[in-house]
Each structure stands twice: as structure tokens, then as C-alpha cells.
């Protein structure tokens, strides 16, 4: 075994006999571009609403609920799609989230939430994962659009202005602490902090 | 018998006079289109979102909700309203606490939390739309009536 590895290493380390250096460098560069571009294109393809709702679990549960909310139906026509809130936008975090999401493929294969009832039973657990993620990154996906520094507090209703200055501005709370269930229905919230 | 005939004639005359008077008037009280047509839908209006408590017209009136409640979930799983208006939440939210009558069951026994019969807030409490009433009314509250 060790002999075979060392033979393979010697083959790899030897200078190329028939291929020119130009071919190897430019060829390698082009191949790299194609591979990298292809990888990112495929990644972006899995980062679309169309992809998310190609599974009935998403299409018939969470997507239906989203449609009635302000993030989908509103006066200004700005719409947040699944990945806007559920996938980090910067590359490293996105890859990390995508790797974690391989668990969801497992769930799909074994039908963990294949019916509405199964989904409802598992909803609290799944929701808790998302709340924990938002809490850990200080509601980054909310802040990609709704940054506190960019809010004109004076244009908000008195209640919203008060809460945002008193709780959000001081860093005492983050978005998800109060705004749970704005895009999807909530599971049984008994025992969840801030809910009775 | 004669009186019956007289009455019948009287009723007939009354009805026909009425129909003469109102014959040309289409029914337009609250209606923009003819009875058999669908009128244009009224425009959607915004909700009152002042966050300022409105006066109650009578003591038992459920106070109206002075803010938007779009998407507020009130069901078996959770009650969004109580996440601000419950006894334990008001320190954080500074919202008015639900009245203690909401903790009473029908025997007047005060429970530790909102009773199931008072759980569905929007059965009594509603937000208001920024729109003119379709019909006027002359309601005045008891205090104004007494002082008259």
C-alpha cells in the first residue's frame, strides 16, 4: 500500500514530459474557472425560492403561510424569498449553512416531515433551530434589510419607536426576540421566553 | 265583509301610491350599482395605528385596538396579543395589561391566567379603519345625556 502511494507521488511530482507548461498553466486556470463558476452556479441554483418549493414539505406548509404575510404581500412590492432569511449572504457562512442543510436531505429521504401532522409535531424543534441561529448571529438576516442604524425612528408608530430605541438600540434584544412568527405560523409557544 | 273589501282597497291604493312615488328611484342607499350587478369594490383603507388609547363610549365597551394587528396569531398554539398584554409581559412592552375580568371564569373565580372564554381577543377588541361610517348615528353616552 505504502509502495503504491509513493509510486503515485513520484508520478505526480515528476515534470510533465509531453504537455507544455503553457498548456498546464492556462488549462489549469480555465479548468479552475469552469469548476469554480459551475460550483457557485449550482450553489446559487439551490438558493432560490423555486428550488425550496420544489419539495412539497416547503410548498404546502411554510410557503403557504408566508404568502399572506408582509414579507410576501405588501404595498411596495419588495419581497423576501426563502434564502433571504434562511441562508446567510456571505460566502463562508453560506457554505457552512449549506453543509448543515445536508441534514434536511436526510429528512427528505426518510420523510421526517412528509405530512402536515408530522410537520406540526416537529415544528417547535425546527423553529427553535432557526431562533437559535438568528439569536447567535444577532438577527443578521433581518438586518440585511432592516438595520437599526438605517431606521428613521421618528417615522415609526410611537409603540414601535419606543420598543426599538429601548430594547433594540441598547442591544438588550435582537430582532428575533420579539418578531417570532412574522413569516410563518407559530408552534405551541408554551415555555418559550417572552411568550405566555 | 264590506269592511274587508274596504280594507283591501285601502291597502291596494296605499301600495300602488307607494309604487308610483318610488317607481323611478333605484335602490341606492348603500349601493353603487343596480341590485343585479356587482358594484366596484370599495378601496382598502389603512388601520388606525396611533397607539393612543381611544375613549370608550360606555363603561363596558371593550377598548378598541389602536394599532395594526396584521398577521397576529391567536389560536390553540399561541396568542400574539398576550406576548405584550399579558401580566408578565407589560414591564417589557409597556402595554396595558389585560383587565382582571379576563382572569375570571364564569363563576367569578379569579384564575392565574386569562380564561379560555376570554382568550380570543378579537372577538371583542377590534382595530379601526381610517374611513367614514357608511351610515351616521346619533349615539351619545350616558354622561352627555344626563348633563343635557
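Computed from the coordinates by the stated procedures, all read-outs in this text should not be read as laboratory data. Owing to the predicted nature of the structure, the values given are computational and were not obtained by experimental measurement. Counting neighbours? That spans all protein chains shown, and the Cβs are built from the backbone with ideal geometry, glycine included.
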Open item on the list: So if I take the alpha carbon set of the range B:94-142, get Rg, then get Rh from the Kirkwood formula, what is the Rg over Rh ratio?
Closed with: 1.14
Open item on the list: Principal axis extents for chain A, Cα atoms only, whole Å, descending order, please.
Closed with: 76, 42, 34
Task: Rounded tilt (10° steps) of A:21-45 against the dominant C-alpha axis of chain A - done: 20 degrees
Open item on the list: Tell me the angle of helix A:2-13 to the major Cα principal axis of chain A, expressed in degrees between 0 and 90 and rounded to the nearest ten.
Closed with: 90 degrees
- [ ] Partner chain Cβ atoms within 10 Å, averaged over the residues of B:68-79 - can you pull that number for me?
- [x] 5
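Take peptides A:78-88, B:128-138 and line them up by average Cβ neighbours within 10 Å, highest first, as a rough protection proxy.
Most protected by this proxy first, the peptides run A:78-88, B:128-138.
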- [ ] Treat the count of other C-beta atoms within 10 Å as a stand-in for reagent exposure and order A:105, B:114 from fewest to most.
- [x] A:105, B:114
Open item on the list: Compute the angle between helix A:116-136 and the longest alpha-carbon principal axis of chain A, please, reported from 0 to 90 degrees and rounded to the nearest 10.
Closed with: 80 degrees
- [ ] Please give the length that would be gained between residue A:129 and residue A:145 if that part of the chain were fully extended, namely 0.36 nm times their separation in residues minus their C-alpha to C-alpha distance (nm, one decimal).
- [x] 3.6 nm
Task: Taking only Cα atoms of the range B:45-131, radius of gyration then Dmax in Å - done: 13.5, 41
TODO: Note down the relative contact order for the range A:36-103 as a percent, whole number, built from C-alpha pairs under 8 angstrom at least six residues apart.
DONE: 23 percent
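What ranking do B:118-124, A:159-165, B:51-57 get when scored by the average of other Cβ atoms within 10 Å per residue, highest first?
A:159-165, B:118-124, B:51-57
Taking 0.36 nm per intervening residue step and subtracting the Cα-Cα distance, what contour gain separates residue A:68 from residue A:117 on full extension?
Fully extending the segment from residue A:68 to residue A:117 adds 15.5 nm.
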Task: Cα coordinate range in the protein assembly as shown, projected on the principal axes (Å, largest first) - done: 129, 53, 43
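Got a sec? How would A:55, B:84 order by Cβ neighbour count within 10 Å, fewest to most?
By the 10 Å Cβ count, ascending, the order reads A:55, B:84.
Extension gain residue B:53-residue B:131, at 0.36 nm per residue separation less the Cα-Cα distance, in nm?
Numbers: separation 78, 0.36 × 78 = 28.08 nm, distance 1.81 nm.
Extra length from residue B:53 to residue B:131 when fully extended: 26.3 nm.
Using Cβ contacts closer than 10 Å as the measure, can you line up A:58, A:99, B:104 from fewest to most?
A:99, B:104, A:58
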